[in-house]
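Q: Before I ask anything, here is the structure I am working with.
The values are calculated or read from the model by the stated rules, or taken from the named source; none is laboratory data. Treat the numbers as computed from the prediction; the structure is a model and nothing was measured. Glycine gets a Cβ as well: all are built from the backbone with ideal geometry, and neighbour counts include every protein chain shown. The area values use the complete protein model at the heavy-atom level, side chains included, leaving out ligands, DNA and RNA. Shrake-Rupley method; radii C 1.70, N 1.55, O 1.52, S 1.80 Å.
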Amino acid sequence: MDPQRDTPLKRFGAFWIGLFIVVSFGVAALFLSPSFKADMEDPALQSQYEARLAIKADVDAAQAEQFEFKKNGNKAQVAPEQAFAYTAKQLLTAQPKKTGTVVPGSPTDLKNNSGN
Amino acid sequence: MSNDQTNTLDARLRTAIDKSVSNPVMFFFTTGALWLVVSILLGVLASLKSHWPTFFEAFGELSTGRAYVAHLNVLIYGWCFPAAFGAIIWFMSRLCRKESKHAGIIVAAGLVWNFGVVIGLLGVMLGKSTGVPWMEFPNQCWVIFLFAYILIAIWSFVQFRVREGGHVYISQWYILAALFLFPWIFCSAHIFTFVFDGHPVMTAAVASWFKSSIVNLFFIPVAAASVYYIAPKVTGRPVHSYSLALLGFWTLIILGAWGGIQKLTGAPLPAFMPYVSAAAGVLFFIPALTIGYNILMTTKSHHDLAKKSPSLRFTVASVIALIGMGVAGVFLNLPSVMRGTQFSLSGYGYEILALYGVFSMSMFAAIYYIVPRVTKREWLAPSFIRTHFNLSAYGVIAVVMGSILGGYLQGAAVEAIDQPFSDAKATAYMISIFNSIAWVIILISNLAFLFHILLMAVRLGRHSKHATLIEEHHGSSPHGADGKVNNY
Amino acid sequence: MSDNNQKPDLNEDLNVLDAHGNLVEASAASSRENQLQENGMEPVSLWIILACFAGVLVAGTVLGKSGVLSANSYNEFVVSGYTQAERPGGAEEVIVPAAIIDVFAKKGAKIYQAKCQGCHQPTGLGDGANFPPLGGSEWVQGDTSALAQIILNGVIGPIKVAGRTWNGAMPGQAAGMTDEDLAGLMTYIRNSFGNETGDVISIEMASNALADYKTRMGPAPVAPPIKVAELESKYMVSLKGAKLDPATKVNPETLEVVAE
């Protein structure tokens, strides 16, 4: 073994040299990043970007509105997950209503028809 | 000093070095083998789901997309990198003839790396993958990986700087190159994809560049380091040609960074980019051929050794796979072929050839060589080693040939616009089934390997002076055909 | 070998390297290893050089395919002469012209389903209490301008339909109604539910009706429902427009008249 090559100083130096080489890649990437930026400042396309973004904002707002709580006279608009439980309970406790529908073949129907 | 004393001192130094790196090396190899089995299980699942979508469908966390992504990423970050680290640490320590004084830090960093892989796998399974090929682990993971890598690998560089004077071995060139190329490639790709707000098409180009560069400039160099160490060491002969080694090294380093973007042919990129990458892919044939030829000529007169010694067998297999990878690179990067295979299974076949056929086989060779030295026990069962080798070789040949050739057929069927598309689907279907069977075979082989290495890790190996060889049973004595003590 | 009784660090003439080496017994595996030798200096074989040049040639052809460096190489990768395959079992879709009355009625049926069916019922006979029937209604079968204004404005106040007085409120249906929609709807209800006027409201007539509606609307965003008195004073006429033969053939998609 050649002890003169292996000193703590050399080891210390080698550690920092290695670390520096690794970090230099990140630094180089930082310096290269401006050239990597997308050419987003094209004025010809700017109006298109804005139109698209405006439409997207409109759609997002309209969709968000659907989920808001709103009162409309004696009705209220709530988010779906709040309405499901309430509606389900209502349906469970509701009684069948009398409609004007006549089931064909029922006594009512026969009575009506026989009267015609 | 007499030759015997030198030998004894050498052997003692080697043993001291092995002892100092035993913990990190065994940690990386054992956890790597575990992750390898996990990744192959995921690969079997992904392959099954590609032709049998309802298999295991209730478990949404492992749907086709997630299983495939998890398979490839766990293979790379869970097995390939840790195995590479273990090999780098041991090779560098031995070649610089320096003990490692930082085994504790390396093991801690290795634990952090594995933690990163676990987070990554969970992230992919829960749907948080980033969607960028080979960088699919969630964003936190690559930072963890980078810091863990620095703490694992910087010590090898320090060892190189304070090495005993004189010769720089070929393996050391490759390891040194890999040590610094990895952070450059990894940093650049991840920073330009995830940190900087670049043009999305260029981000796609960076991502596809990453795939190719990490193979050509990290995995292939580490594989080359392994084969350039094991072949001369086990056979006792010098490397065949120094100039050829020099040629292979420099062509690999120079050409390796130009590839990858041919995956994006037809994308709105400057047209020269995919074509330069395709040309670099064809030119990869040169380093592949030179490394392969060099190693094969080194082991030329030792066919019997190659049959008996597990590490040499795996080395020769890896080198043949490397030549195959070079030929496949030429074939797959021709524009006339690429028009069909660009969106087919051929890309997957080529990746598996690189990751498993070349790299993993060379890592298995290194593991079969290193573990006895580091644990001071010999491998327990030659039958396990035989199973591992044979089934792995068959399996990977099946996957690679099936995927590359099948991908070519699939691409040709897609390109035939006067035939219905279902023809291409039928071709791909057959290839998927073939792949699934092949992956199951590879799974069995690696289960044997995992079991074997776990036994070694808990020091249950054989106490013996003679290496475990995988010769076929001729009823010969363990001392070799003519009673000589084996040297391998 | 140092004596077990002696403490190594007190012994001055101890070779530290030797002592260190003594602490570690050479393992069997390390002992039997070969040394790595000096590299061989075989010259590079000519075959390798030739094979590498072949590889470089192939790479050159690949590069050569890229043409001008920044030109679009899209044509290389697009199959020329690509046309979509014919669907199995069918020739090109041929547009079959149909009679205008059928085309309009079909269109009107859809609008009736969407807008009118809720009150006037799918049978077109109303519900007997609040909503008057359309079948047999003199307003439907009578002057087209009155019918158009009823549809567009809605009706309020008592109205006599089919022998009964109905006192309901019909909302106007002008929102989103185009010329084609109105023409189709009116044609449909005038030729269904038992009505058999057998004529077609053309698109020209419908647009005239919409113009009248807009005049009645004025600056307000929507017109108020119309009363019978107003209908009887102003709108008991036929809509202006060229009469169309109900059997005229039109393109069902574009509603244009197809020359025979």
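Q: In terms of solvent-accessible area of protein heavy atoms at a 1.4 angstrom probe, what is the ranking of B:His240, B:His303, B:His452, highest value first? Could the numbers behind the result be given before it?
A: On the way: B:His240 25, B:His303 125, B:His452 0 Å².
So, going from the largest accessible area down, we get B:His303, B:His240, B:His452.
Q: Here's another thing I want to ask about it. Among all the lysines, which ones have a C-alpha under 16 Å from C:Lys234's C-alpha, if same-chain residues fewer than 8 places away are not counted?
A: Result set, ordered by chain and number: C:Lys214.
Q: Short version: which residues of region B:414-459 lose at least 40 Å² of accessible area, all chains versus chain alone, 1.4 Å probe?
A: B:Ile417
Q: If I model a spin label at C:Glu253 and B:Phe115 as a point 7 Å from the Cα along the Cα→Cβ vector, what separation in nanometres do I get?
A: According to this spin-label approximation, the distance is 6.4 nm.
Q: In Å and whole numbers, how far do the C-alpha atoms of region B:3-457 stretch along each principal axis, longest first?
A: Its Cα atoms span 77, 48, 45 Å along the three principal axes.
Q: Please find the FRET efficiency linking C:Glu180 to C:Lys160, where r is the Cβ-Cβ separation and R0 is fixed at 35 Å, and quote it to the nearest 0.05.
A: On the way: r = 31 Å, r/R0 = 0.89.
Once the sixth-power term is evaluated, E becomes 0.65.
Q: Give the average, rounded to an integer, of partner chain Cβ atoms located within 10 angstrom of each Cβ in B:376-384. The partial results should precede the final answer.
A: Working: counts 5, 3, 2, 0, 0, 0, 0, 0, 0.
Mean shielding by partner chains, rounded to a whole number: 1.
Q: With bins 5 Å wide starting at 0, give me the P(r) of region A:48-91 over every alpha carbon pair, in whole percents.
A: 5, 19, 16, 18, 13, 9, 9, 6, 3, 1
Q: Determine the alpha carbon to alpha carbon distance for each of A:Lys37/B:Lys128; B:Lys98/B:Lys233; C:Lys106/C:Lys249; C:Lys115/C:Lys243; C:Lys115/C:Lys160; B:Lys19/B:Lys98 and list only those over 20 Å.
A: Details: A:Lys37/B:Lys128 26 Å; B:Lys98/B:Lys233 18 Å; C:Lys106/C:Lys249 14 Å; C:Lys115/C:Lys243 27 Å; C:Lys115/C:Lys160 22 Å; B:Lys19/B:Lys98 11 Å.
Among A:Lys37/B:Lys128; B:Lys98/B:Lys233; C:Lys106/C:Lys249; C:Lys115/C:Lys243; C:Lys115/C:Lys160; B:Lys19/B:Lys98, the Cα-Cα distance tops 20 Å for A:Lys37/B:Lys128; C:Lys115/C:Lys243; C:Lys115/C:Lys160.
Q: Would you mind working out the magnitude of the charge dipole of the protein assembly as shown relative to its Cα centre, with +1 at each Lys and Arg C-beta and -1 at each Asp and Glu C-beta, to the nearest 20 Debye? Write down the numbers at each step before the final one.
A: On the way: 61 positive and 60 negative charges, 413 e Å.
Charge dipole, the protein assembly as shown, about its Cα centre: 1980 debye, nearest 20.
Q: For region A:48-91, what is the charge dipole size about the Cα centre, in debye to the nearest 20, if Lys and Arg each add +1 at the Cβ and Asp and Glu each add -1 at the Cβ? Display every interim value, and only then the final one.
A: On the way: 6 positive and 6 negative charges, 53 e Å.
Here region A:48-91 has a charge dipole of around 260 debye.
Q: Give the residue from B:Leu247, B:Phe27, B:Gly198 lying farthest towards the positive end of the charge dipole for chain B; charges sit on Cβ (+1 for Lys and Arg, -1 for Asp and Glu) and the dipole is referred to the Cα centre.
A: Value computed over the given set: B:Phe27.
Q: Around B:Asp18, under 11 Å between beta carbons, what's the net of Lys plus Arg minus Asp minus Glu among the other residues?
A: After counting each charged neighbour, the total is +4.
Q: Find which of A:Ala14, C:Gly136, A:Gln77 sits farthest along the positive direction of the dipole of the protein assembly as shown, computed with +1 on the beta-carbon of Lys and Arg, -1 on that of Asp and Glu, about the Cα centre.
A: A:Ala14
Q: With all pairs of different alpha carbon atoms counted, what Kirkwood hydrodynamic radius in Å does the protein assembly as shown show? Present the calculation step by step, with values, prior to reporting the outcome.
A: Details: mean 1/r = 0.0295 Å⁻¹.
Hydrodynamic radius (Kirkwood, Cα only) of the protein assembly as shown equals 34.0 Å.
Q: Run the dipole for region B:4-125 about the Cα centre, Lys and Arg Cβ at +1, Asp and Glu Cβ at -1, nothing else charged, and hand back the magnitude in debye, nearest 20.
A: Dipole about the Cα centre, nearest 20: 320 debye.
Q: For region B:126-174, place one equal point scatterer on every Cα, skip the solvent, and apply the Debye formula. What is log10 of I(q)/I(0) at q = 0.31 Å⁻¹?
A: For region B:126-174 at q = 0.31 Å⁻¹, log10 I(q)/I(0) is -1.12.
Q: Here's a follow-up. Leaving ligands and nucleic acids out of the surface, order C:Lys107, B:Lys300 by accessible area at 1.4 Å, largest first.
A: On the way: C:Lys107 65, B:Lys300 110 Å².
Listed by decreasing accessible area, they come as B:Lys300, C:Lys107.
Q: Hey, another quick one. Once Lys and Arg get +1 and Asp and Glu get -1 on their Cβ, which of B:Ile175, B:Ser383, B:Gly127 lies farthest toward the positive end of the dipole of the protein assembly as shown?
A: B:Ser383
Q: Roughly speaking, what is the centre-to-centre gap between region A:76-116 and region C:230-257 when only Cα atoms are used, to the nearest Å?
A: That distance is 41 Å.
Q: Could you tell me the extents of region B:319-471's C-alpha atoms along the three principal axes, largest first, rounded to whole Å?
A: Ordered largest first, region B:319-471 gives principal extents of 67, 27, 24 Å.
Q: Computed over the Cα atoms of region C:100-182, what is the convex hull's projected area averaged over all directions, in nm²? Show your work: numbers first, answer last.
A: Details: hull surface 21.4 nm².
If you wrap the Cα atoms of region C:100-182 in a convex hull and average its projections, you get 5.4 nm².
Q: At a Förster radius of 25 Å, what calculated FRET efficiency corresponds to the Cβ-Cβ distance of C:Gln117 and A:Glu68, to the nearest 0.05? All intermediate terms of the calculation are to be shown ahead of the outcome.
A: Numbers: r = 32 Å, r/R0 = 1.27.
That gives a FRET efficiency of 0.20.
Q: Starting from 0.36 nm per residue, how many nanometres of slack lie between A:Val78 and A:Phe12 once their C-alpha separation is accounted for? The partial results should precede the final answer.
A: Working: separation 66, 0.36 × 66 = 23.76 nm, distance 6.67 nm.
Length difference between fully extended and current span is 17.1 nm.
Q: A further question on this structure: Pick out, in residue order, every one of the GluC sites (Glu not before Pro) in region A:19-116 that is DSSP loop and has at most 16 other C-beta atoms within 10 Å; say none if there are none. Intermediate results must be reported in sequence, preceding the final value.
A: Numbers: sites: A:Glu41, A:Glu50, A:Glu65, A:Glu68, A:Glu81; in loops: A:Glu41, A:Glu68.
Here the GluC sites (Glu not before Pro) that fit, given the DSSP loop and packing criteria, are A:Glu41, A:Glu68.
Q: Per residue of B:88-97, how many C-beta atoms from partner chains lie within 10 Å of its own C-beta, taken as a mean?
A: Details: counts 0, 0, 0, 0, 0, 0, 3, 1, 1, 2.
Other-chain Cβ atoms within 10 Å of each residue's Cβ, averaged: 1.
Q: What chymotrypsin sites (Phe, Trp or Tyr not before Pro) does region A:15-116 have in DSSP loop regions with at most 10 other beta carbons within 10 Å?
A: Numbers: sites: A:Phe15, A:Trp16, A:Phe20, A:Phe25, A:Phe31, A:Phe36, A:Tyr49, A:Phe67, A:Phe69, A:Phe84, A:Tyr86; in loops: A:Phe67, A:Phe69.
When the chymotrypsin sites (Phe, Trp or Tyr not before Pro) of region A:15-116 are filtered for loop state and at most 10 Cβ neighbours within 10 Å, A:Phe69 remain.
Q: So how tilted is helix A:80-93 from the main axis of chain A? Cα-based, degrees 0 to 90, rounded to 10.
A: 30
Q: So how far, in whole Å, is the C-alpha centre of region B:1-30 from the one of region C:149-218?
A: Measuring centre to centre over Cα atoms gives 101 Å.
Q: What FRET efficiency, computed as 1/(1 + (r/R0)^6) with R0 = 25 Å and r the Cβ-Cβ distance, is obtained for B:Trp250 and A:Ser24, rounded to the nearest 0.05? Walk me through the numbers before you get to the answer.
A: On the way: r = 22 Å, r/R0 = 0.88.
With R0 = 25 Å, the Cβ-Cβ based efficiency is 0.70.
Q: Roughly how large is the C-B contact in terms of buried accessible area, totalled over both chains, probe 1.4 Å, nearest 100 Å²? Could you put the intermediate results ahead of the total?
A: Values: alone 18420 and 20400 Å², together 34110 Å².
Approximately 4700 Å², summed over both chains.
Q: Here's something else I'd like to know. Filter the DSSP H helices in chain B by two things, a Kyte-Doolittle mean of at least 1.0 and an axial alpha-carbon span of 24 angstrom or more, and list the hits by number.
A: On the way: long enough: B:3-20 (25 Å, -1.17); B:22-51 (44 Å, 1.32); B:103-125 (33 Å, 2.16); B:139-161 (34 Å, 1.41); B:170-190 (30 Å, 1.34); B:310-332 (32 Å, 1.76); B:382-415 (48 Å, 0.85); B:421-457 (52 Å, 1.54).
Helix filter hits for chain B: B:22-51, B:103-125, B:139-161, B:170-190, B:310-332, B:421-457.
Q: For B:Asp4, C:Asp181, give the ranking by accessible area with the largest first, probe 1.4 Å. Present the calculation step by step, with values, prior to reporting the outcome.
A: On the way: B:Asp4 115, C:Asp181 30 Å².
Highest to lowest solvent-accessible surface, that is B:Asp4, C:Asp181.
Q: Also: For region B:205-266, what is the largest minus smallest coordinate of the Cα atoms on each principal axis, given in angstrom and ordered from greatest to least?
A: 50, 19, 13
Q: What whole-number distance in Å separates the alpha-carbon centres of region B:356-402 and region B:148-182?
A: One Cα centre to the other: 25 Å.
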